[in-house]
1. Please specify each residue of region B:55-64 satisfying the condition of being without any contact (Cβ under 8 Å) to a residue 40 or more places away in the chain and within 10 Å of DNA strand C (Cβ to nearest atom).
2. Give region B:118-157 a look and list any residue that's facing another protein chain (nearest Cβ under 9 Å) and either touching an Asp or Glu at 6+ places or on another chain (Cβ under 7 Å) or over 26 Å from residue A:115 (Cα atoms) (or both), or say none.
3. Please state which one of A:46, A:38 is within 16 Å of DNA strand D (Cβ to nearest atom), assigned to a helix (DSSP H, G or I) and not assigned by TED's automatic domain parsing to the domain that holds residue A:117.
4. All but one of (1) exposed (fewer than 15 other Cβ atoms within 10 Å of the Cβ); (2) over 26 Å from residue A:95 (Cα atoms); (3) within 8 Å of chain A (Cβ to nearest Cβ) hold for residue B:170; which doesn't?
5. Take residues that are among the small types (Gly, Ala, Ser) and surrounded by fewer than 17 Cβ atoms within 10 Å (Cβ to Cβ) and tell me which of the helices (runs of 4 or more DSSP H) falling wholly in region B:60-158 contain 3 or more.
6. Going through region A:18-47 one residue at a time, which ones are within 19 Å of residue A:83 (Cβ to Cβ), within 14 Å of chain B (Cβ to nearest Cβ) and either at pLDDT 95 or above or more than 9 Å from DNA strand C (Cβ to nearest atom) (or both)?
7. Given the structure, is residue B:50 more than 7 Å from DNA strand C (Cβ to nearest atom), more than 21 Å from the chain's Cα centre (by Cα) and free of Cβ contacts under 8 Å to residues at least 60 places away in the same chain?
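The values are calculated or read from the model by the stated rules, or taken from the named source; none is laboratory data. Source: prediction; values computed, not measured. Note: ideal-geometry Cβ built from the backbone for every residue, glycine included; neighbour counts use all protein chains shown.
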Number of protein chains: 2
Amino acid sequence: MPAKVTPLGYALLGLLRGEPRSGYALRKVFETTLLGNYSSSPGSIYPALKGLEKAELIAAEPIARGNVFSLTPMGREALDAWLTAPAQGEPADILMLRFAFLQELGRPEVTRAFLISFADAARGSRDGIRAFMAGDIGPSMPLQSRLAVDFGLRNVEAQLAWAENALKQLEDHWSQNAPQTGG
Amino acid sequence: MPAKVTPLGYALLGLLRGEPRSGYALRKVFETTLLGNYSSSPGSIYPALKGLEKAELIAAEPIARGNVFSLTPMGREALDAWLTAPAQGEPADILMLRFAFLQELGRPEVTRAFLISFADAARGSRDGIRAFMAGDIGPSMPLQSRLAVDFGLRNVEAQLAWAENALKQLEDHWSQNAPQTGG
DNA sequence: CCAACCATGTAAGCTGTTACATGATTGA
DNA sequence: TCAATCATGTAACAGCTTACATGGTTGG
(Lines give C-alpha, C1' and ligand atoms only; values in the text may rest on other atoms or scores of the structure.)
Protein backbone atom coordinates (compact mmCIF):
# COMPACT_ATOMS: atom_id res chain seq x y z
CA MET A 1 0.00 0.00 0.00
CA PRO A 2 1.58 3.24 -1.19
CA ALA A 3 1.52 5.35 1.98
CA LYS A 4 -1.64 7.30 2.66
CA VAL A 5 -1.50 11.02 1.92
CA THR A 6 -3.82 13.60 3.46
CA PRO A 7 -5.43 16.46 1.51
CA LEU A 8 -2.95 18.89 3.01
CA GLY A 9 -0.20 16.49 1.99
CA TYR A 10 -1.36 16.57 -1.62
CA ALA A 11 -1.51 20.34 -1.52
CA LEU A 12 2.12 20.38 -0.41
CA LEU A 13 3.16 17.81 -3.02
CA GLY A 14 1.42 19.85 -5.70
CA LEU A 15 3.21 23.03 -4.67
CA LEU A 16 6.55 21.24 -4.61
CA ARG A 17 6.14 19.75 -8.07
CA GLY A 18 7.50 22.69 -9.97
CA GLU A 19 9.71 24.36 -7.47
CA PRO A 20 11.45 22.98 -4.35
CA ARG A 21 10.76 25.23 -1.37
CA SER A 22 11.27 25.52 2.36
CA GLY A 23 8.48 24.98 4.85
CA TYR A 24 8.42 28.67 5.46
CA ALA A 25 8.05 29.43 1.75
CA LEU A 26 5.17 26.95 1.57
CA ARG A 27 3.46 28.68 4.47
CA LYS A 28 3.76 31.98 2.62
CA VAL A 29 2.00 30.45 -0.36
CA PHE A 30 -0.87 29.35 1.85
CA GLU A 31 -1.04 32.82 3.36
CA THR A 32 -1.05 34.79 0.14
CA THR A 33 -3.03 32.68 -2.32
CA LEU A 34 -6.45 31.14 -2.63
CA LEU A 35 -5.26 28.07 -0.78
CA GLY A 36 -6.39 29.91 2.32
CA ASN A 37 -8.84 27.18 3.29
CA TYR A 38 -5.80 25.65 4.93
CA SER A 39 -4.16 27.33 7.84
CA SER A 40 -0.71 28.71 7.22
CA SER A 41 0.28 28.23 10.83
CA PRO A 42 3.41 26.20 11.56
CA GLY A 43 1.42 23.61 13.47
CA SER A 44 -0.15 22.48 10.22
CA ILE A 45 2.60 22.53 7.64
CA TYR A 46 5.65 21.25 9.50
CA PRO A 47 4.09 18.05 10.86
CA ALA A 48 2.66 17.35 7.41
CA LEU A 49 6.08 17.82 5.83
CA LYS A 50 7.59 15.44 8.36
CA GLY A 51 5.01 12.83 7.48
CA LEU A 52 5.71 13.18 3.77
CA GLU A 53 9.42 12.93 4.44
CA LYS A 54 8.97 9.80 6.53
CA ALA A 55 6.92 8.30 3.68
CA GLU A 56 9.77 9.21 1.32
CA LEU A 57 7.50 11.28 -0.89
CA ILE A 58 9.62 14.37 -0.39
CA ALA A 59 13.29 14.83 0.47
CA ALA A 60 14.80 17.59 2.59
CA GLU A 61 18.04 19.26 1.62
CA PRO A 62 19.58 21.53 4.26
CA ILE A 63 20.48 25.03 3.13
CA ALA A 64 21.98 28.06 4.84
CA ARG A 65 18.89 28.44 7.00
CA GLY A 66 16.42 25.60 7.26
CA ASN A 67 15.66 23.02 4.60
CA VAL A 68 14.41 22.91 1.06
CA PHE A 69 11.98 20.14 0.19
CA SER A 70 11.59 18.55 -3.20
CA LEU A 71 9.54 15.69 -4.64
CA THR A 72 11.08 12.24 -4.75
CA PRO A 73 10.19 9.95 -7.68
CA MET A 74 7.76 8.18 -5.34
CA GLY A 75 6.27 11.51 -4.42
CA ARG A 76 5.74 12.45 -8.03
CA GLU A 77 4.13 9.07 -8.61
CA ALA A 78 1.75 9.53 -5.69
CA LEU A 79 0.84 13.02 -6.85
CA ASP A 80 0.22 11.91 -10.43
CA ALA A 81 -1.94 9.00 -9.28
CA TRP A 82 -4.06 11.39 -7.28
CA LEU A 83 -4.34 13.90 -10.11
CA THR A 84 -5.28 11.25 -12.62
CA ALA A 85 -8.08 9.66 -10.59
CA PRO A 86 -11.70 10.34 -11.61
CA ALA A 87 -13.28 13.46 -10.13
CA GLN A 88 -15.57 11.84 -7.60
CA GLY A 89 -16.11 11.45 -3.91
CA GLU A 90 -13.91 14.27 -2.74
CA PRO A 91 -15.38 17.60 -1.62
CA ALA A 92 -15.49 20.43 -4.13
CA ASP A 93 -12.60 22.41 -2.68
CA ILE A 94 -10.28 19.42 -2.90
CA LEU A 95 -11.39 18.80 -6.47
CA MET A 96 -10.56 22.41 -7.36
CA LEU A 97 -7.13 21.96 -5.81
CA ARG A 98 -6.64 19.03 -8.14
CA PHE A 99 -7.91 21.00 -11.09
CA ALA A 100 -5.43 23.78 -10.40
CA PHE A 101 -2.53 21.33 -10.12
CA LEU A 102 -3.57 19.58 -13.33
CA GLN A 103 -2.30 22.59 -15.21
CA GLU A 104 1.31 21.89 -14.26
CA LEU A 105 0.87 18.28 -15.27
CA GLY A 106 0.60 19.51 -18.86
CA ARG A 107 -1.51 16.64 -20.10
CA PRO A 108 -4.71 17.98 -21.72
CA GLU A 109 -6.29 14.53 -21.95
CA VAL A 110 -6.12 14.16 -18.16
CA THR A 111 -7.66 17.56 -17.57
CA ARG A 112 -10.33 16.72 -20.12
CA ALA A 113 -11.13 13.43 -18.37
CA PHE A 114 -11.28 15.25 -15.06
CA LEU A 115 -13.79 17.79 -16.31
CA ILE A 116 -15.90 15.15 -18.01
CA SER A 117 -16.14 12.98 -14.90
CA PHE A 118 -16.78 16.09 -12.83
CA ALA A 119 -19.63 17.08 -15.10
CA ASP A 120 -21.02 13.55 -15.06
CA ALA A 121 -21.06 13.52 -11.28
CA ALA A 122 -22.76 16.92 -11.21
CA ARG A 123 -25.37 15.78 -13.72
CA GLY A 124 -26.00 12.70 -11.58
CA SER A 125 -26.52 14.81 -8.46
CA ARG A 126 -28.72 17.23 -10.32
CA ASP A 127 -30.94 14.50 -11.74
CA GLY A 128 -31.16 12.83 -8.34
CA ILE A 129 -32.35 16.02 -6.69
CA ARG A 130 -34.80 16.73 -9.49
CA ALA A 131 -36.21 13.23 -9.28
CA PHE A 132 -36.57 13.60 -5.53
CA MET A 133 -38.42 16.90 -5.90
CA ALA A 134 -40.71 15.42 -8.53
CA GLY A 135 -41.39 12.24 -6.57
CA ASP A 136 -43.62 11.42 -3.61
CA ILE A 137 -41.85 13.21 -0.80
CA GLY A 138 -40.62 16.38 -2.47
CA PRO A 139 -43.87 18.17 -3.26
CA SER A 140 -45.30 17.36 0.18
CA MET A 141 -42.44 19.11 1.96
CA PRO A 142 -43.02 22.55 3.45
CA LEU A 143 -41.81 25.51 1.42
CA GLN A 144 -38.71 26.22 3.43
CA SER A 145 -37.50 22.62 3.22
CA ARG A 146 -38.03 22.68 -0.53
CA LEU A 147 -36.00 25.86 -0.68
CA ALA A 148 -33.18 24.20 1.26
CA VAL A 149 -33.14 21.44 -1.33
CA ASP A 150 -33.24 24.05 -4.07
CA PHE A 151 -30.03 25.49 -2.63
CA GLY A 152 -28.26 22.22 -3.29
CA LEU A 153 -29.81 21.99 -6.74
CA ARG A 154 -28.65 25.46 -7.78
CA ASN A 155 -25.16 24.68 -6.55
CA VAL A 156 -24.75 21.54 -8.61
CA GLU A 157 -26.28 23.27 -11.61
CA ALA A 158 -23.70 26.04 -11.28
CA GLN A 159 -20.92 23.48 -11.00
CA LEU A 160 -22.15 21.64 -14.06
CA ALA A 161 -22.32 24.86 -16.04
CA TRP A 162 -18.81 25.71 -14.87
CA ALA A 163 -17.43 22.36 -15.98
CA GLU A 164 -19.02 22.59 -19.42
CA ASN A 165 -17.75 26.12 -19.92
CA ALA A 166 -14.29 25.27 -18.63
CA LEU A 167 -14.03 22.35 -21.02
CA LYS A 168 -15.05 24.52 -23.94
CA GLN A 169 -12.55 27.23 -23.09
CA LEU A 170 -9.73 24.75 -22.60
CA GLU A 171 -10.48 22.93 -25.85
CA ASP A 172 -10.25 26.25 -27.65
CA HIS A 173 -7.04 27.08 -25.84
CA TRP A 174 -5.45 23.72 -26.60
CA SER A 175 -6.39 23.75 -30.27
CA GLN A 176 -4.94 27.24 -30.65
CA ASN A 177 -1.73 26.73 -28.70
CA ALA A 178 -0.79 23.24 -29.86
CA PRO A 179 -2.18 22.72 -33.32
CA GLN A 180 0.17 19.86 -34.24
CA THR A 181 -1.71 16.69 -35.13
CA GLY A 182 -0.16 14.00 -32.96
CA GLY A 183 2.37 12.80 -30.34
CA MET B 1 -20.11 31.64 28.93
CA PRO B 2 -23.14 29.57 27.83
CA ALA B 3 -21.55 26.18 27.11
CA LYS B 4 -20.09 25.67 23.65
CA VAL B 5 -22.18 23.64 21.24
CA THR B 6 -20.76 21.86 18.19
CA PRO B 7 -22.44 21.83 14.75
CA LEU B 8 -23.63 18.28 15.34
CA GLY B 9 -24.96 19.45 18.70
CA TYR B 10 -27.03 22.15 17.04
CA ALA B 11 -28.35 19.65 14.53
CA LEU B 12 -29.54 17.49 17.42
CA LEU B 13 -31.05 20.44 19.29
CA GLY B 14 -32.89 21.49 16.15
CA LEU B 15 -34.32 18.03 15.64
CA LEU B 16 -35.43 17.85 19.27
CA ARG B 17 -37.19 21.20 19.21
CA GLY B 18 -40.49 19.92 17.95
CA GLU B 19 -40.48 16.35 19.02
CA PRO B 20 -38.58 14.58 21.83
CA ARG B 21 -36.85 11.48 20.50
CA SER B 22 -34.47 8.71 21.47
CA GLY B 23 -30.89 8.58 20.30
CA TYR B 24 -31.83 5.78 17.99
CA ALA B 25 -34.68 7.78 16.46
CA LEU B 26 -32.28 10.67 15.90
CA ARG B 27 -29.86 8.35 14.13
CA LYS B 28 -32.67 7.22 11.84
CA VAL B 29 -33.34 10.83 10.89
CA PHE B 30 -29.71 11.27 9.94
CA GLU B 31 -29.83 8.09 7.92
CA THR B 32 -32.97 8.83 5.97
CA THR B 33 -32.91 12.58 5.35
CA LEU B 34 -30.68 15.17 3.77
CA LEU B 35 -28.74 15.56 7.01
CA GLY B 36 -26.53 12.83 5.62
CA ASN B 37 -23.41 14.98 5.76
CA TYR B 38 -23.23 13.73 9.33
CA SER B 39 -22.64 10.10 10.07
CA SER B 40 -25.53 8.23 11.61
CA SER B 41 -23.21 5.86 13.40
CA PRO B 42 -23.62 5.50 17.17
CA GLY B 43 -20.12 6.80 17.76
CA SER B 44 -21.24 10.23 16.62
CA ILE B 45 -24.68 10.74 18.11
CA TYR B 46 -24.45 9.23 21.57
CA PRO B 47 -21.37 11.09 22.75
CA ALA B 48 -22.85 14.32 21.41
CA LEU B 49 -26.09 13.67 23.30
CA LYS B 50 -24.12 13.05 26.48
CA GLY B 51 -22.34 16.36 26.03
CA LEU B 52 -25.61 18.20 25.57
CA GLU B 53 -27.06 16.49 28.63
CA LYS B 54 -24.04 17.41 30.73
CA ALA B 55 -24.43 21.01 29.56
CA GLU B 56 -28.10 20.80 30.59
CA LEU B 57 -29.31 21.74 27.13
CA ILE B 58 -31.32 18.52 26.83
CA ALA B 59 -32.86 16.22 29.42
CA ALA B 60 -33.18 12.44 29.22
CA GLU B 61 -36.30 10.66 30.35
CA PRO B 62 -36.08 6.86 30.58
CA ILE B 63 -38.77 4.90 28.77
CA ALA B 64 -39.47 1.21 28.30
CA ARG B 65 -36.32 0.82 26.24
CA GLY B 66 -33.69 3.53 26.26
CA ASN B 67 -34.23 7.24 26.79
CA VAL B 68 -36.16 10.04 25.21
CA PHE B 69 -34.39 13.39 25.01
CA SER B 70 -36.09 16.76 25.02
CA LEU B 71 -34.91 20.37 25.04
CA THR B 72 -34.51 22.13 28.34
CA PRO B 73 -35.30 25.87 28.54
CA MET B 74 -31.56 26.50 28.37
CA GLY B 75 -31.33 24.29 25.32
CA ARG B 76 -34.09 26.17 23.58
CA GLU B 77 -32.33 29.41 24.44
CA ALA B 78 -29.04 28.19 22.99
CA LEU B 79 -30.76 26.96 19.84
CA ASP B 80 -32.64 30.22 19.35
CA ALA B 81 -29.47 32.26 19.87
CA TRP B 82 -27.75 30.24 17.17
CA LEU B 83 -30.67 30.49 14.76
CA THR B 84 -30.98 34.23 15.26
CA ALA B 85 -27.33 35.08 14.62
CA PRO B 86 -26.37 36.70 11.30
CA ALA B 87 -25.63 34.32 8.43
CA GLN B 88 -21.88 34.69 8.30
CA GLY B 89 -18.70 32.78 8.92
CA GLU B 90 -20.13 29.30 9.01
CA PRO B 91 -19.78 26.97 6.00
CA ALA B 92 -22.70 26.74 3.59
CA ASP B 93 -23.96 23.36 4.75
CA ILE B 94 -24.23 24.57 8.34
CA LEU B 95 -26.04 27.69 7.18
CA MET B 96 -28.55 25.54 5.31
CA LEU B 97 -29.11 23.51 8.44
CA ARG B 98 -29.95 26.75 10.20
CA PHE B 99 -32.23 27.83 7.39
CA ALA B 100 -34.16 24.56 7.60
CA PHE B 101 -34.58 24.87 11.37
CA LEU B 102 -35.70 28.49 11.05
CA GLN B 103 -38.97 27.18 9.68
CA GLU B 104 -39.96 25.62 12.99
CA LEU B 105 -39.04 28.83 14.75
CA GLY B 106 -42.03 30.42 13.05
CA ARG B 107 -40.66 33.95 13.06
CA PRO B 108 -40.65 35.35 9.52
CA GLU B 109 -38.62 38.40 10.49
CA VAL B 110 -35.76 36.16 11.65
CA THR B 111 -35.81 34.14 8.45
CA ARG B 112 -35.90 37.37 6.49
CA ALA B 113 -32.90 38.74 8.36
CA PHE B 114 -31.07 35.48 7.77
CA LEU B 115 -31.63 35.60 4.02
CA ILE B 116 -30.69 39.25 3.81
CA SER B 117 -27.42 38.78 5.66
CA PHE B 118 -26.74 35.65 3.63
CA ALA B 119 -27.26 37.59 0.41
CA ASP B 120 -25.09 40.44 1.67
CA ALA B 121 -22.26 38.05 2.45
CA ALA B 122 -22.61 36.42 -0.97
CA ARG B 123 -22.57 39.80 -2.69
CA GLY B 124 -19.45 40.71 -0.75
CA SER B 125 -17.68 37.52 -1.81
CA ARG B 126 -18.79 37.96 -5.39
CA ASP B 127 -17.56 41.54 -5.56
CA GLY B 128 -14.28 40.56 -3.94
CA ILE B 129 -13.65 37.85 -6.52
CA ARG B 130 -14.66 40.13 -9.38
CA ALA B 131 -12.34 42.86 -8.13
CA PHE B 132 -9.52 40.35 -7.84
CA MET B 133 -10.08 39.14 -11.39
CA ALA B 134 -10.20 42.69 -12.71
CA GLY B 135 -7.10 43.81 -10.77
CA ASP B 136 -3.38 43.34 -11.28
CA ILE B 137 -2.99 39.66 -10.52
CA GLY B 138 -6.14 38.15 -11.99
CA PRO B 139 -5.64 38.74 -15.71
CA SER B 140 -2.01 37.64 -15.55
CA MET B 141 -2.94 34.22 -14.18
CA PRO B 142 -2.88 31.22 -16.49
CA LEU B 143 -6.19 30.09 -17.94
CA GLN B 144 -6.68 27.12 -15.68
CA SER B 145 -6.10 29.16 -12.53
CA ARG B 146 -8.59 31.74 -13.73
CA LEU B 147 -11.06 28.94 -14.30
CA ALA B 148 -10.52 27.69 -10.75
CA VAL B 149 -11.37 31.16 -9.49
CA ASP B 150 -14.38 31.22 -11.81
CA PHE B 151 -15.63 28.10 -10.05
CA GLY B 152 -15.81 29.99 -6.79
CA LEU B 153 -17.42 32.95 -8.50
CA ARG B 154 -20.16 30.89 -10.08
CA ASN B 155 -20.89 29.23 -6.75
CA VAL B 156 -21.39 32.47 -4.85
CA GLU B 157 -23.46 33.85 -7.72
CA ALA B 158 -25.70 30.80 -7.53
CA GLN B 159 -26.01 31.23 -3.78
CA LEU B 160 -26.88 34.89 -4.13
CA ALA B 161 -29.53 34.09 -6.73
CA TRP B 162 -30.92 31.40 -4.45
CA ALA B 163 -31.18 33.78 -1.51
CA GLU B 164 -32.94 36.45 -3.55
CA ASN B 165 -35.39 33.95 -4.98
CA ALA B 166 -36.01 32.32 -1.61
CA LEU B 167 -36.75 35.69 -0.05
CA LYS B 168 -39.21 36.51 -2.80
CA GLN B 169 -41.02 33.19 -2.50
CA LEU B 170 -41.23 33.42 1.26
CA GLU B 171 -42.52 36.98 1.21
CA ASP B 172 -45.28 35.85 -1.12
CA HIS B 173 -46.01 32.90 1.11
CA TRP B 174 -46.12 34.99 4.26
CA SER B 175 -48.33 37.67 2.80
CA GLN B 176 -50.78 35.04 1.58
CA ASN B 177 -50.89 32.87 4.69
CA ALA B 178 -50.85 35.53 7.39
CA PRO B 179 -52.45 38.66 5.99
CA GLN B 180 -53.22 40.19 9.43
CA THR B 181 -51.61 43.59 9.86
CA GLY B 182 -49.76 43.37 13.16
CA GLY B 183 -48.73 41.56 16.36
C1' DC C 1 -33.85 -21.03 17.22
C1' DC C 2 -31.99 -17.68 14.42
C1' DA C 3 -31.93 -13.46 11.90
C1' DA C 4 -33.02 -8.83 12.06
C1' DC C 5 -33.62 -4.90 14.34
C1' DC C 6 -33.67 -1.82 18.65
C1' DA C 7 -30.60 0.60 21.59
C1' DT C 8 -26.36 2.14 23.64
C1' DG C 9 -21.92 2.57 24.24
C1' DT C 10 -16.25 2.56 24.11
C1' DA C 11 -11.62 2.93 21.86
C1' DA C 12 -8.81 4.47 18.69
C1' DG C 13 -7.63 7.34 15.23
C1' DC C 14 -7.71 11.04 11.54
C1' DT C 15 -7.10 15.68 10.13
C1' DG C 16 -6.42 19.82 11.28
C1' DT C 17 -6.47 23.84 14.51
C1' DT C 18 -4.80 27.36 18.07
C1' DA C 19 -1.62 28.61 21.20
C1' DC C 20 2.76 28.54 22.81
C1' DA C 21 7.94 28.26 22.65
C1' DT C 22 12.45 28.95 20.60
C1' DG C 23 16.18 31.05 18.45
C1' DA C 24 18.74 33.20 14.58
C1' DT C 25 19.18 37.13 11.35
C1' DT C 26 18.31 41.53 9.37
C1' DG C 27 17.52 46.40 9.19
C1' DA C 28 16.42 50.86 11.26
C1' DT D 1 19.56 47.61 20.64
C1' DC D 2 15.16 46.64 19.39
C1' DA D 3 11.56 45.27 16.39
C1' DA D 4 10.42 42.58 12.52
C1' DT D 5 10.94 38.69 9.92
C1' DC D 6 12.85 33.99 8.97
C1' DA D 7 12.41 29.34 10.39
C1' DT D 8 10.99 25.39 13.02
C1' DG D 9 8.86 23.03 16.21
C1' DT D 10 5.64 20.92 20.40
C1' DA D 11 1.28 20.34 23.15
C1' DA D 12 -3.22 20.26 23.58
C1' DC D 13 -7.45 19.92 21.80
C1' DA D 14 -11.57 19.95 18.50
C1' DG D 15 -14.76 17.48 16.05
C1' DC D 16 -15.87 13.79 13.81
C1' DT D 17 -15.30 8.87 11.93
C1' DT D 18 -14.78 3.80 11.78
C1' DA D 19 -14.65 -0.29 14.00
C1' DC D 20 -15.81 -2.94 17.64
C1' DA D 21 -18.59 -4.62 21.69
C1' DT D 22 -22.86 -5.65 24.07
C1' DG D 23 -27.32 -7.17 24.98
C1' DG D 24 -32.49 -7.14 24.66
C1' DT D 25 -36.68 -7.93 21.63
C1' DT D 26 -39.38 -9.37 17.88
C1' DG D 27 -40.91 -12.21 14.04
C1' DG D 28 -40.64 -15.98 11.00
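1. Selection gives B:60, B:62, B:64.
2. none
3. Working: A:38 fails: assigned to a helix (DSSP H, G or I).
Only one candidate qualifies: A:46.
4. Of the numbered conditions (1) exposed (fewer than 15 other Cβ atoms within 10 Å of the Cβ); (2) over 26 Å from residue A:95 (Cα atoms); (3) within 8 Å of chain A (Cβ to nearest Cβ), the odd one out for residue B:170 is (1).
5. Values: elements: B:73-84, B:92-105, B:108-134, B:137-140.
Because the criterion is at least 3 residues that are among the small types (Gly, Ala, Ser) and surrounded by fewer than 17 Cβ atoms within 10 Å (Cβ to Cβ), the helices (runs of 4 or more DSSP H) in region B:60-158 that meet it are B:108-134.
6. Residues satisfying the conditions are A:18, A:29, A:33, A:34, A:35.
7. Details: more than 7 Å from DNA strand C (Cβ to nearest atom): no; more than 21 Å from the chain's Cα centre (by Cα): yes; free of Cβ contacts under 8 Å to residues at least 60 places away in the same chain: yes.
No.
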